[in-house]
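To start, the structure itself, in structure tokens.
The values are calculated or read from the model by the stated rules, or taken from the named source; none is laboratory data. These figures come from a predicted structure and were not determined experimentally. In this analysis, Cβ positions are derived from the backbone assuming ideal geometry, glycine residues included, and neighbour counts consider all displayed protein chains. Areas reflect the complete protein model, heavy atoms only, side chains present, ligands, DNA and RNA absent. Shrake-Rupley method; radii C 1.70, N 1.55, O 1.52, S 1.80 Å.
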Amino acid sequence: MKVLPVVFNPNYHINGWETSHRFPMPKYQLLYQLLVEEGICDPKKFHQASPAPRNALERVHLPSYLDDFLAGQLDAKMMRRIGLPWSEGLVARTLASSGGSLMAGRLALELGIACNLGGGTHHAFPDYGAGFCIFNDVSVALRQLRAESRIRRALIVDLDVHQGDGTAWIHREEPEIFTFSMHCEVNFPFRKQQSDLDIPLSEGMEDKEYIEILENHLPFLIRDHQPDLIFYNAGCDPHVDDPLGKLKLTSEGLMARDTLVFETAVQAGIPIAAVLGGGYSRDHHEIAQRHSIVVRAASNVYKNTHESGIPSP
Ligand SMILES: [Zn+2]
């Protein structure tokens with residue numbers, strides 16, 4: 001039986017993380033453990049993310065920003081904007097997480113679907129980070145794959161509850177990369193950037209309406225843009241119990257959303273790489289459960305695609 005290609009690196013979690021910090025760092029480790037326990041992820045078969053290479057990072061980020069962050073020399077104001085305390089562990093995590101999304105993109109091109117159990121840091125701009133985001137992993141991966149001529153066109157489907165403002169800005173003059181963001185309109189970032197298509201959602205939106213909006217756009221975006229690869233930011237923060245979300249999707253709604261995204265991509269014959277994106281809870285096990293939904297959805301669609309004899313993309 002084929003196993004969903006999953007990318008992970010133990011460095012996604014920072015040892016000794018202050019558990020009271022509002023960023024739920026332990027979720028990465030707990031998610032991986034959960035997926036292994038449930039047989040969705042095979043510890044012998046997962047793909048270990050390598051740190052993103054410097055030349056790939058420089059396709060998006062300013063060398064001075066990279067140097068200052070890596071050396072722990074960003075000033076206090078810039079670190080406050082990021083919202084995470086600097087450490088060697090944070091450097092290792094940031095490099096591995098960006099490298100992981102690049103690896104997931106490569107695996108998706110080869111195998112049809114892949115998931116990075118990290119990444120989705122879509123508030124990162126070329127010369128600064130914000131909202132727990134330091135490097136823009138999806139933009140780095142897409143620029144690198146384009147530079148290698150692995151792809152020409154791509155679609156970013158960003159369903160994290162917050163607008164993918166860094167991503168929108170980075171690709172604002174790059175017609176080959178189409179940015180699509182569905183987000184809660186009254187949520188962070190309060191100064192939005194312009195994606196190729198933004199769908200601001202009203203506060204408190206529930207499953208049915210959300211899924212209908214997605215169904216009414218995604219197949220047409222794929223048809224019109226003809227991407228060679230889709231990157232999916234599967235933030236689970238639209239969940240009703242997410243303290244930063246302001247939408248009211250249930251876990252069943254997230255499963256329906258994620259399944260819809262993978263099935264639509266597969267039916268169109270387009271490879272798709274998913275990254276984790278945001279998701280918050282004081283209960284780290286609960287948030288790991290919520291993030292596992294996208295991996296379950298990917299795994300189901302991957303197995304069905306391969307076992308029913310439908311040719312993989
Ligand atoms: Zn978010």
So how strong a dipole does the chain carry about its Cα centre when Lys and Arg Cβ are +1 and Asp and Glu Cβ are -1, to the nearest 20 debye?
640 debye
Would you grab the residues whose amide H sits under 5 Å from the one on residue 125? Only those 5+ places off in sequence or on another chain, please, with H modelled 1.01 Å from N.
130
Accessible area per residue of the chain at 1.4 Å probe, in Å²?
41 Å²
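Would the chain count as rounded, prolate or oblate if I go by the C-alpha gyration tensor, calling it rounded below 1.5 in a/c and otherwise prolate when a/b exceeds b/c, oblate otherwise?
Since a/c stays below 1.5, the shape of the chain is classed as rounded.
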Taking only C-alpha pairs under 8 Å that are 6+ residues apart, what is the relative contact order of the stretch 166-214 in percent?
37 percent
Compactness check, the stretch 46-200: C-alpha Rg relative to the 2.2 N^0.38 Å globular estimate gives 0.99
The stretch 197-237 shape via C-alpha gyration tensor axes, a/c threshold 1.5
prolate
Sites residue 45 and residue 23, calculated FRET efficiency, Cβ-Cβ separation with R0 35 Å, nearest 0.05:
0.75
Separation between Cα centres of the stretch 151-168 and the stretch 61-106, rounded to whole Å
20 Å
What is the set of long-range amide H partners of residue 201 at a cut-off below 5 Å, with H atoms built 1.01 Å from backbone N?
183, 184, 185
Please list, ordered by chain and number, the residues whose modelled amide H lies under 5 Å from the amide H of residue 113; skip anything fewer than 5 residues away on the same chain.
272
Could you tell me which trypsin sites (Lys or Arg not before Pro) in the stretch 227-313 are loop residues by DSSP with no more than 15 other beta carbons within 10 angstrom of their beta carbon?
282
For the stretch 48-55, Karplus couplings with θ = phi - 60° (6.51, -1.76, 1.60), whole Hz, Gly/Pro x
7, 4, 9, x, 4, x, 4, 5
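List the GluC sites (Glu not before Pro) in the stretch 3-47 that DSSP assigns to loop (not H, G, I, E or B) and whose Cβ has at most 13 other Cβ atoms within 10 Å. Which are they?
Of the GluC sites (Glu not before Pro), the ones in loops of the stretch 3-47 whose Cβ has at most 13 other Cβ atoms within 10 Å are 18, 38.
Express as a percent, rounded to the nearest 5, the fraction of DSSP beta bridges in the stretch 6-307 (both residues included) that run antiparallel. Walk me through the numbers before you get to the answer.
On the way: 2 of 31 bridges.
In the stretch 6-307, DSSP labels about 5 percent of beta bridges as antiparallel.
Can you give the calculated 222 nm mean residue ellipticity of the chain, where each DSSP H run of n ≥ 4 adds -39,500 (n - 2.57) and the sum is split over every residue, rounded to the nearest 500 deg cm²/dmol? Before the final figure, lay out the partial values.
Values: 11 runs with 130 residues, N = 313.
Helix-only estimate at 222 nm: -13000 deg cm²/dmol.
With contacts defined as alpha carbon pairs under 8 Å and 6 or more residues apart, what's the relative contact order of the stretch 6-307 in percent?
Relative CO of the stretch 6-307 lands at 20 percent.
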